[in-house]
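Down below is the structure, laid out as structure tokens.
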Amino acid sequence: MAPVLDRLLTDLSELPEYRGFGRVTAVLGMLVEVGGIERVLSIGGHCHIRAGNGRIVHCEVIGFRDRRAILMPFGTLDGVGLGCRVEP
């Protein structure tokens, strides 16, 4: 039984790391609304948006509304629009 368990543990350690992501659902002035990852975020948590022009915009989670996270960016939102990828 031990060789089977050892092989299973080896196989599990070789799996790629799971990384969830969400998408921008709205831009409201300087706030960004994100759907799809609200369950893994908490107030004060950080994430980043991959803007359409290739920039990375770092943000902080400041709240939740209608099962979506509300983010405040630490910089400008140039290139950020609907559908941009957001990673915790």
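Leaving ligands and nucleic acids out of the surface, order MET72, MET30 by accessible area at 1.4 Å, largest first.
MET30, MET72
Accessible area per residue for the chain in Å², computed with a 1.4 Å probe and the full protein assembly in place, what is it?
Result: 67 Å² per residue.
Using the Karplus curve 6.51 cos²θ - 1.76 cosθ + 1.60 with θ = phi - 60°, work out ³J(HN,Hα) for each residue of the range 20-35 in order, rounded to whole Hz, and write x for Gly and Pro.
Whole-Hz 3J(HN,Hα) from phi for the range 20-35: x, 8, x, 9, 5, 9, 6, 10, 10, x, 9, 9, 10, 9, 10, x.
Under a Cβ-Cβ cut-off of 10 Å, what is the net charge of the residues other than ILE49 that fall near it, where Lys and Arg count +1 and Asp and Glu count -1?
+3
Length gain on complete extension for the stretch LEU28 to HIS58, per 0.36 nm per residue less the alpha carbon to alpha carbon distance?
9.2 nm
Show THR76, THR25 ordered by accessible area, largest first, where the area counts protein heavy atoms only and the probe is 1.4 Å.
THR76, THR25
Of the chain, which part is the longest with no GluC sites (Glu not before Pro) in a loop (DSSP not H, G, I, E, B) and with at most 12 other C-beta atoms within 10 angstrom?
Longest gap between qualifying sites, sites excluded: 18-88.
Quote to one decimal, in nm, the extra length available between HIS46 and THR76 on full extension: 0.36 nm per residue of separation minus the C-alpha distance between them.
9.2 nm
Which semi-axis lengths, in whole Å and largest first, follow from the square roots of five times the eigenvalues of the Cα gyration tensor of the chain?
They are 34, 14, 10 Å, listed largest first.
Mind telling me which of LEU41, LEU28, LEU77 comes out most flexible in a GNM of the chain, alpha-carbon contacts under 10 Å?
Ranking LEU41, LEU28, LEU77 by mean-square fluctuation puts LEU28 first.
Just to confirm a number: summing +1 for Lys and Arg and -1 for Asp and Glu over residues other than ALA69 whose beta-carbon lies under 15 angstrom from that of ALA69, what do you get?
Here the count lands on +1.
Name the residue farthest towards the positive end of the dipole of the range 7-88 from the options HIS46, ALA69, ALA26, assuming +1 on Cβ of Lys and Arg, -1 on Cβ of Asp and Glu, about the Cα centre.
With unit charges placed on the Cβ atoms, the residue in question is ALA26.
The values are calculated or read from the model by the stated rules, or taken from the named source; none is laboratory data. Not measured: the values here are computed from a predicted model. Please note: Cβ atoms are built from the backbone with ideal geometry, for glycine as well, and neighbour counts cover all protein chains shown. We work out accessible area using only protein heavy atoms, side chains counted, and drop any ligands, DNA or RNA first. Shrake-Rupley method; radii C 1.70, N 1.55, O 1.52, S 1.80 Å.
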